[in-house]
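Engineer: Quick one: structure below, then a few questions.
Each value in this text was obtained by applying a stated rule to the coordinates, not by laboratory testing. Computed from a prediction, not measured in an experiment: that's the story for all the values here. Cβ atoms come from the backbone with ideal geometry, glycine included; neighbour counts cover every protein chain shown.
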Amino acid sequence: QVQLVQSGGGLVQAGGSLRLSCAASGRTFGRSAMGWFRQAPGNEREFVAALVWSGGSTYYADSVKGRFTIFRDSAKNTVDLQMNSLKPEDTAVYYCAAKLISGYYSDYRTYDYWGQGTQVTVSS
């Protein structure tokens, strides 16, 4: 089992920045990747970014490419999502997730463990 605990998020004006953190505990050695997803009311959960554990490859949704960065913070032992140039359409509940099997990093159905979710609201 892997437990994921999220922190960060909140309210910010358009153009501002926020940073989300995801701390993992438990049987973390089996992870193939960590991902961030988001879900706005009435919408399906959508892919934001993923970090492959072996090799460090990263993947991003087109809507956030160039504005968001997923990275491993070794000092804090977390996987963080730095969000810059935020837009009102980025407003959603954000979830971190861990998957055991490699591949299909943008498909939320392939992830095995989930954080509790955190609200990000961007005002115009």
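Engineer: Give the lysines reachable from Lys87 as a straight Cα distance under 21 Å; neighbours fewer than 8 places away on the same chain don't count.
Structural biologist: Lys65
Engineer: Shifting gears a bit: Taking +1 at the Cβ of each Lys and Arg and -1 at the Cβ of each Asp and Glu, which of Ala75, Gly103, Ala92 sits farthest along the dipole of the chain towards its positive end, judged by Cα position relative to the Cα centre?
Structural biologist: Ala75
Engineer: For region 79-123 and region 47-71, write down the distance between their C-alpha centroids in whole Å.
Structural biologist: 10
Engineer: Give me the one-decimal Kirkwood hydrodynamic radius in Å for the chain, with the sum taken over alpha-carbon pairs.
Structural biologist: It works out to 14.3 Å.
Engineer: Same structure, new question: Which length gain, in nm to one decimal place, applies between Arg109 and Ser25 when the Cα-Cα distance is subtracted from 0.36 nm times their residue separation?
Structural biologist: 28.1 nm
Engineer: Moving on to the next point. Go through region 29-41 residue by residue and turn each phi into a ³J(HN,Hα) via Karplus (6.51, -1.76, 1.60, θ = phi - 60°); whole Hz please, and just put x for glycine and proline.
Structural biologist: Working through the residues one at a time gives 5, x, 6, 9, 6, 10, x, 10, 10, 9, 9, 9, x Hz.
Engineer: A follow-up question, please. Quick one: which residues, 5+ away or cross-chain, put their amide H under 5 Å from the amide H of Phe68? H built at 1.01 Å from N.
Structural biologist: Residues meeting the amide H criterion: Asn84.
Engineer: So if we plug the beta-carbon distance of Gln1 and Ser123 into 1/(1 + (r/R0)^6) with R0 = 35 Å, what FRET efficiency do we get, rounded to 0.05?
Structural biologist: Efficiency computed from Cβ-Cβ geometry: 0.40.
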